[in-house]
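The values are calculated or read from the model by the stated rules, or taken from the named source; none is laboratory data. Small disclaimer: the values here were computed from a predicted structure and weren't measured. Neighbour counts run over all protein chains shown; Cβ positions are idealised from the backbone, glycine included. Side chains are part of the model used for accessible areas, which takes the heavy atoms of the whole protein and leaves out ligands, DNA and RNA. Shrake-Rupley method; radii C 1.70, N 1.55, O 1.52, S 1.80 Å.
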Amino acid sequence: MRRTSARFKLASAVAVTAAVTTVAGLTAATGSASEPAEVAPLAVGTPTGFGAATTGGAGGETVSVSSADELIEAANSDGPLQIEVNGTIDVDEMVRVSSDKSIVGAGSGATIQGGGLNISDADNVIVQNLVFADSNDDGINVQYSTNVWIDHNDFTNPNDGALDIKRASTNITVSWNHTYDSDKNMLLGHSDDNGSEDIGKLNVTYHHNWFDGVNQRNPRVRFGDPVHVYNNYYNDIGSYGVASTEDAGVLVEANYFENTEDPFHLGEAASGPGSIEARDNHFVNSGEGEAGGSVSGIPYSYSPDAAADVKSIVTGGAGVGQL
């Protein structure tokens, strides 16, 4: 592989057609003035739902990283960049991710272990096909960020949350992820006192995720309205599935709940109730859930799978290695 700096490697998928130029310490392939290099998108597919406008680092160079130093430098670099993660990278911190980045695991075993990703004050970020294991904080934290797509990842054994979205973040899609061995799984809105930032934001689509024996917060929602939770598979949920609190509005639609005594409810702990509209869900050895109140209309077109088919669809397609 061509070296792109002391730290980065240009991924083999990138076609080098002409010269090499150095920008901010990163050597990148370029073409001639008449025939610029074409860089294939690293992320697979396109998001649907609230994060549909997300393109990540598309159009930027592709670099390959296999160490913590390489990942940290690439993720927080300026400008669009496509980052291919190889092997297991051990980090002891939350790695900041800046705007216009795609971070995609190579193959089925690319892992970020011990720490996680902090998508903070960023716009236009894709995270795909990565295992997040044993984080000393969150697997992924999203704050003050817009246009984010979290897709086809595994989350296991985080010290805090698997995926937390908070502080005025919005226009996000969370799709086809597999979460297991997690207690506080996915939080949306971190505090009852943060309404001044969060009201009118926190619009997130959760679809085709596999919540596999996780305990709670699948998701736990504050303020966001609407939040769309559809075509997810819940099995053996310990405490509860979805909680709508602090005037949030959540559409819980065409999900498959199995061995889940409390699929969804209003309010949670000291947080006041929000609203839930429940539609076309499928229940196996599960409670019926608590719904009520009104939810704002979903502002995009979509075609949900039949709830009875969701278990087979999601278990066959969620998580790493399923692109």
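Overview of values
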{"quantity": "Area of residue 300 that stays accessible when all protein chains are in place (1.4 Å probe, Å², to 10)", "calculated": "40"}
{"quantity": "Cα pair distances exceeding 32 angstrom across the chain, given as percent", "calculated": "26"}
{"quantity": "About the Cα centre, charge dipole magnitude for the chain (Lys/Arg +1, Asp/Glu -1 at Cβ), debye", "calculated": "900"}
{"quantity": "Antiparallel %, DSSP beta bridges [both residues in the stretch 153-305], to 5", "calculated": "5"}
{"quantity": "C-alpha center-to-center spacing [the stretch 254-286, the stretch 64-136] in angstrom", "calculated": "33"}
{"quantity": "Gaussian network model of the chain, springs between alpha carbon atoms under 10 Å - residue of 150, 126, 298 with greatest fluctuation", "calculated": "298"}
{"quantity": "Accessible surface ranking that places the most exposed of 94, 186 first, with a 1.4 angstrom probe", "calculated": "94, 186"}
{"quantity": "Dipole of the chain, positive direction: furthest Cα of 159, 87, 306, with charges on the beta-carbon", "calculated": "87"}
{"quantity": "Fluctuation leader among 88, 46, 54 - the chain, Gaussian network, Cα springs under 10 angstrom", "calculated": "46"}
{"quantity": "Computed over the chain: relative contact order in percent, which uses C-alpha pairs under 8 Å that are six or more apart", "calculated": "11"}
{"quantity": "Heavy atoms of residue 247: accessible area, 1.4 Å probe, square angstrom to 10", "calculated": "120"}
{"quantity": "For the stretch 46-157: rounded, prolate or oblate by the Cα gyration tensor [a/c cutoff 1.5]", "calculated": "rounded"}
{"quantity": "Beta bridges per DSSP with both ends in the chain, % antiparallel, nearest 5", "calculated": "10"}
{"quantity": "Positive-end residue, the chain charge dipole about Cα centroid, Cβ charges, pick of 43, 271, 187", "calculated": "43"}
